[in-house]
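Peer 1: The structure is given below, and queries will be raised subsequently.
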Amino acid sequence: MKTNTHEVADRIYRISTCVPDAAPGGFTFNQFLIDADEPLLFHTGPRRMFPLVSEAVSRILPLERLRWIAFGHVESDECGAMNEFMAAAPLAQVAHGAIGCMVSLDDLCDRPPRKLADGEVIDLGGKRVRHIDTPHVPHNWEARVLFEESTGTLFCGDLFTHAGDGPAITDADIVGPALDGEALFHATALSPATGATIRRLAALEPQMLALMHGSSSRTRCGESLRRLADAYDRLTGEL
Ligand SMILES: [Fe+2]
Ligand SMILES: [Fe+2]
């Protein structure tokens with residue numbers, strides 16, 4: 001497996017590893033590193049991927065400078081290596097919503113996590129990230145996204161998950177591939193709130209959708225979110 005890095009926005013780096021057997025055409029596991037006065041890593045990758053991801057981070061900045069570790073929700077691909085990163089970076093701390101801390105992270109983290117309220121901002125020094133609770137969207141009670149205000153980047157985790165090893169950024173439609181991914185994995189916890197939660201993110205009118213699995217998008221991001229919300233409303237209506 002090979003790990004690529006790509007600057008997808010000003011001092012925001014996508015770190016991507018494709019696992020060939022995880023889906024037809026391969027399946028990418030992406031982390032995003034925000035290089036600021038207090039650098040933040042969004043997703044750690046699974047624990048066993050730590051050597052690859054940490055080496056990629058250290059090509060961009062010294063690992064021990066890492067200050068914040070954040071992720072969409074508590075699963076191994078999102079946060080399996082959080083304690084390894086905290087061991088390598090003495091100042092690094094997990095930052096997540098209060099529910100995730102109470103249910104899992106207060107216990108799982110080797111150092112106490114920072115609990116964030118919905119809408120709370122961390123000023124990283126040069127970048128500002130807003131925490132947004134998205135319970136059960138796309139899955140897990142503690143689910144959240146992160147919005148970087150200066151670049152308009154929405155770190156949307158497993159939303160728009162699609163298979164394949166495409167480019168870091170695509171101009172192509174990402175909604176169709178996301179619905180193909182949904183048909184393949186059935187990963188979304190469909191509920192009456194799914195569409196409304198995604199529409200709330202569309203109202204941010206992001207300039208970039210940074211995807212954990214697949215290519216990121218800078219094309220009509222709000223519209224893509226609204227189309228995804230509509231598609232999930234239809235799927236929910238069929239339940
Ligand atoms: Fe997930
Ligand atoms: Fe994921």
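The values are calculated or read from the model by the stated rules, or taken from the named source; none is laboratory data. None of these values were measured; they are calculated from a predicted model. Positions of Cβ are generated from backbone atoms using ideal geometry, with glycine treated the same way; all protein chains shown enter the neighbour counts. In case anyone asks, the SASA skips ligands and DNA or RNA and just uses the protein heavy atoms, side chains included. Shrake-Rupley method; radii C 1.70, N 1.55, O 1.52, S 1.80 Å.
Peer 1: With point charges of +1 on the Cβ of Lys and Arg and -1 on the Cβ of Asp and Glu, referenced to the Cα centre of the chain, which listed residue (Y232, W68, A187) lies farthest in the positive direction of the dipole?
Peer 2: W68
Peer 1: With +1 on each Lys and Arg Cβ and -1 on each Asp and Glu Cβ, and nothing else charged, work out how big the dipole of the stretch 102-239 is about its Cα centre, in Debye to the nearest 20. If you can, show how the numbers build up before the last one.
Peer 2: On the way: 14 positive and 21 negative charges, 68 e Å.
Here the size comes out at about 320 debye.
Peer 1: Please state the charge dipole magnitude for the chain, taken about the Cα centre, from unit charges on C-beta atoms (+1 on K and R, -1 on D and E), reported in debye and rounded to the nearest 20. It would help to have the intermediate numbers written out before the result.
Peer 2: Details: 22 positive and 33 negative charges, 57 e Å.
Computed charge dipole of the chain: roughly 280 debye.
Peer 1: Okay, next question. Accessible area per residue for the chain in Å², computed with a 1.4 Å probe and the full protein assembly in place, what is it?
Peer 2: Working: 9750 Å² over 239 residues.
Per residue, the chain has an accessible area of 41 Å².
Peer 1: Then there's this: Once label points are set 7 Å from the Cα along Cα→Cβ at both V19 and L61, what is their separation, rounded to one decimal in nm?
Peer 2: Computed distance between label sites V19 and L61 equals 2.7 nm.
Peer 1: List, in order, the whole-Hz ³J(HN,Hα) value for each residue of the stretch 204-221 obtained from phi through the Karplus relation with A = 6.51, B = -1.76, C = 1.60 and θ = phi - 60°; use x for Gly and Pro.
Peer 2: The phi angles translate into 6, 6, x, 8, 8, 9, 9, 9, 6, 10, x, 7, 7, 9, 10, 10, 6, 5 Hz.
Peer 1: Order K115, K2 by their accessible area, 1.4 angstrom probe, all chains in place, largest first. Don't skip to the end; give the middle numbers.
Peer 2: Details: K115 100, K2 145 Å².
Reading off the accessible areas and sorting them downward yields K2, K115.
Peer 1: Okay, next question. Residue-wise, which Karplus ³J(HN,Hα) couplings in Hz belong to the stretch 139-144, taking 6.51 cos²θ - 1.76 cosθ + 1.60, θ = phi - 60°, and x for glycine or proline?
Peer 2: Working through the residues one at a time gives 7, 5, 4, 8, 4, 8 Hz.
Peer 1: Considering only protein heavy atoms, what is the solvent-accessible area of E120 at a probe of 1.4 Å, reported in Å² to the nearest 10?
Peer 2: 60 Å²
Peer 1: What list of ³J(HN,Hα) couplings, whole Hz, do you get for the stretch 100-107 from phi and the Karplus terms 6.51, -1.76, 1.60, once you set θ to phi - 60° and write x for glycine and proline?
Peer 2: x, 5, 5, 7, 9, 6, 4, 8
Peer 1: For R11, put the label point 7 Å out on the Cα→Cβ axis and report which residues of the stretch 112-135 keep their amide N under 12 Å from it.
Peer 2: 124-128
Peer 1: Right, another one. How many percent of DSSP beta bridges within the chain run antiparallel, rounded to 5? Kindly include the intermediate steps, with their values, before the conclusion.
Peer 2: Working: 29 of 43 bridges.
Percent antiparallel among DSSP bridges in the chain is about 65.
Peer 1: Report the gain in length on full extension from S76 to L239: 0.36 nm times residue separation, minus Cα-Cα distance, nm rounded to one decimal. Present the calculation step by step, with values, prior to reporting the outcome.
Peer 2: Numbers: separation 163, 0.36 × 163 = 58.68 nm, distance 2.87 nm.
Full-extension gain reported as 55.8 nm.
Peer 1: 222 nm [θ] for the chain, helices only, -39500 (n - 2.57) per DSSP H run of 4+, per residue, to 500? Before the final figure, lay out each step's value.
Peer 2: Values: 6 runs with 59 residues, N = 239.
The per-residue figure over the chain is -7000 deg cm²/dmol.
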